[in-house]
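The structure appears right after this line, and notes come after that.
The values are calculated or read from the model by the stated rules, or taken from the named source; none is laboratory data. All figures in this text were calculated on a predicted structure; none of them were measured in a lab. For neighbour counting, all protein chains shown are included, and Cβ atoms are generated from backbone atoms with ideal geometry for every residue, glycine included. Please note that ligands, DNA and RNA were not included when accessible areas were found on the heavy atoms of the full protein model with its side chains. Shrake-Rupley method; radii C 1.70, N 1.55, O 1.52, S 1.80 Å.
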Amino acid sequence: MFTVKIVAYGGSTYCYTNPGTGGKRPRNDKGNKVTVVLGAQWGDEGKGKVVDLLATESDIICRCQGGNNAGHTVVVDGKEYDFHLLPSGIINSKAVSVIGNGVVIHLPGLLEEAEKNEKKGWKIQISMLMFDFHQAVDGLQEVQRQAQDGINIGTTKKGIGPTYSSKASRTGLRICDLLDDFKDFSTRFKNLAQQYQAMFPTLVVDVDGQLNKLKEYAERIRPMVRDGVYFMYDAINGPPKKILVEGANAALLDIDFGTYPFVTSSNCTVGGVCTGLGIPPLNIGDVYGVVKAYTTRVGIGAFPTEQLNEVGELLQTRGHEVGVTTGRKRRCGWLDLVILRYANMINGFTAFALTKLDILDVMDEIKVGVSYKLKGKKIPYFPANMDVLQKVEVEYEKLPGWKSDTSACRKWEDLPGKAQNYIRFVENHVGVPIKWVGVGKGRESMIQTF
C-alpha cells in the first residue's frame, strides 16, 4: 500500500509517497557512524590523548569548532606533540584529517603548525578566516573591559571572539572567498579592517602587507581545500570508514551552555559537531566525554570546587597544570560531579575517559563535590547565573586515598582497590560508565576497562 501526503510549501504543492510506512517517513540513519570526543569540564582534560588512542584505527579525523585557542598535547613513543588547529589524530598518517567549517582559522598559525608537525593529508572545509587584526582586537577588548568593569574575561587573545563576531554579523571572510576573486576579497578585507579601526582608533592594520601574505597563503592551501558538506556526505555514505571528531574546549566553555560570559565563542558540546562539519544528527554514534580526575580551569570565572590552598598547589605542581596555548597556570580543585551531570545532560555521553588519576596517588583523603547548596538549601540544578554560581556551597563526599603509585598500571586489576572504588563512585553518581582510565602521559598509560 502507498500513502500519499500533500505538502504545501511557499505557495507550491508537492507530494511524495511512502510505501508501507503508514504515512511516516522512514528514518535515514544508514551510513557510517561518527565517533565524538568532547571535554566534559572547563577544558584541558586530556582530549588529545583519547583522540590519539582512537585515531590509530580511524580513517578520517575532524576538528569541528574553535580555533588556535585550543591546545592538545599527545605523547607517542616518548615524543611530545602540541596541536592547536590540526586534529591531534593527525599523527596517524594513514588517516585524512579535516578542519571543519565551524573552525576559525588563522592561516599563518595553521601553516606554521603543519610545518612543525611535518604531516600532510589534511583537508580544510569552508572555514571562517581569522586575521591579525582580529587578534589585536581581542587584546584591545580585554583592556577595554578591564577599564570599564574592573574585570576581563581572560581570553587567550588569539582572536577567536572577534572572528566569530565577524561571522555572526555577516562581515567575515571565508576560505572560499580567499580562493575566488582576490580583488573582491581585498575590498571586503579593507572594509572589515576599517570597521574595526572605527571602533578602536588605536588599531593599526598593515592592509597591503597582510593582503600580500594572504595571496601567498591562498596558493599554498588551495590543493587542500574541499567542500566539506560533500566530503563528509561521501565519507558517511560511502564504503565502511571509521570517522572520529575531536572537540576543542569543553562543555562548561560552550557559548550557550557554559559559565557565560567566561566561555569561548563556539559550541563545544555535541551540537557543534553537526553544525561545524555538516553531519546529520542521525549519524552521530558514540559520544565520549573526557574528564580529569580532579577539576581545573584557566582564566576568570566561577569555580565552586577550587582549592586556594596546599591541595590546589599540589594538584597544580604534580599535574603540571600549565596551559598549552597560553602558558598560564591552571586553577585546580576537587572533582565536581554537578558539572559532570550537567555536561552529560547536554551531550548524552556513551562513556567517560577519566584522565590523570595518577596525580591523586599521594593523597591521604580525596574529596568529591556531589551537590550544591544555596542559602542553606540544596539546589537540584547547575546555576546559569554566574553571580549565583559564585555563592554556592559545595557538599563533598570524602573518599580514602590509595597512597600508591598507579603510573605503571596497565589493566583494571592492577589498580589499587581504593582507586577502583573512586572510579566506581564517579560512575554511580553521574550514571555514565568509565571506559578508559589515564595514569600517565603516554598512549600506553590509558587503561581500558571494558
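For region 305-437, the convex hull drawn through the C-alpha positions has a volume of 138 cubic angstrom per residue. Averaging 1/r over each pair of different alpha-carbon atoms in region 261-369 and inverting the result gives 15.6 Å, the Kirkwood hydrodynamic radius.
Fully extending the segment from residue 111 to residue 317 would add 70.9 nm, taking 0.36 nm per residue of separation and subtracting the current Cα-Cα distance.
Given a 1.4 Å probe and the protein chains as shown, residue 414 ends up with an accessible area of around 70 Å². Residue separation of residue 364 and residue 310 scaled by 0.36 nm, minus their Cα-Cα distance, works out to 18.1 nm of gained length.
Quick check: from the Cα gyration tensor, does region 165-275 come out rounded (a/c under 1.5), prolate or oblate? In terms of gyration-tensor shape, oblate. What is the calculated FRET efficiency for residue 379 to residue 220, with r their C-beta to C-beta distance and R₀ = 60 Å, to the nearest 0.05? Step by step, r from the Cβ atoms, then E = 0.70. Computed over region 28-91, the Cα gyration tensor eigenvalues convert (square root of 5λ each) into semi-axes of 21, 15, 11 Å, ordered from largest to smallest. With all protein chains in place and a 1.4 Å probe, the accessible surface of the chain carries 51 percent carbon and sulfur. If region 102-227 were replaced by its equivalent ellipsoid, with semi-axes equal to the square roots of 5 times the Cα gyration tensor eigenvalues, what would those be, largest first, whole Å? So the three semi-axes of region 102-227 are 26, 17, 13 Å. Using the 1.4 Å probe convention, the accessible area of region 347-450 works out to 49 Å² per residue with neighbouring protein chains retained. Would you look at the GNM of the chain, springs on alpha carbons closer than 10 Å, and say which of 301, 238, 150 moves the most? Ranking 301, 238, 150 by mean-square fluctuation puts 150 first. The packing ranking of peptides 192-201, 287-296, highest mean first, is 287-296, 192-201, where packing means the average number of other beta carbon atoms within 10 angstrom of each residue.
Applying 0.36 nm per residue to the separation of residue 282 and residue 229 and subtracting their alpha-carbon distance, the gain on full extension is 17.6 nm. Judged by the ratio a/c of the largest to the smallest principal axis of the C-alpha gyration tensor, region 191-244 counts as prolate, that ratio being 1.5 or greater while a/b is larger than b/c.
Going 7 Å from the Cα of residue 410 along its beta-carbon direction, which residues of region 426-450 have the amide nitrogen within less than 18 Å of the resulting point? The answer is 436-450. Expressed in units of 2.2 N^0.38 Å, where N is the residue count, the Cα radius of gyration of the chain is 1.04.
As a calculated quantity, the FRET efficiency between residue 391 and residue 424 at R0 = 30 Å, using C-beta atoms, amounts to about 0.40. For the chain, the mean residue ellipticity at 222 nm estimated from helices alone is -9500 deg cm²/dmol, where every DSSP H run of n ≥ 4 contributes -39500 (n - 2.57) and the total is divided by all residues, rounded to the nearest 500. Taking Lys and Arg as +1 and Asp and Glu as -1, the other residues whose beta-carbon sits under 11 Å from that of residue 352 total 0.
Region 180-229 and region 151-176 have Cα centres spaced 14 Å apart. Here residue 96 sits with roughly 50 square angstrom of accessible surface, probe radius 1.4 Å. Of the whole protein surface, residue 219 contributes about 110 Å² of accessible area at a 1.4 Å probe radius. Taking 249, 101, 421 in turn, the Gaussian network model of the chain (Cα-Cα springs below 10 Å) assigns the largest fluctuation to 421. Among the listed pairs 158/329; 79/292; 157/329, those with a Cα-Cα distance over 19 Å are 79/292. Between region 332-355 and region 38-68, the alpha-carbon centres lie 16 Å apart.
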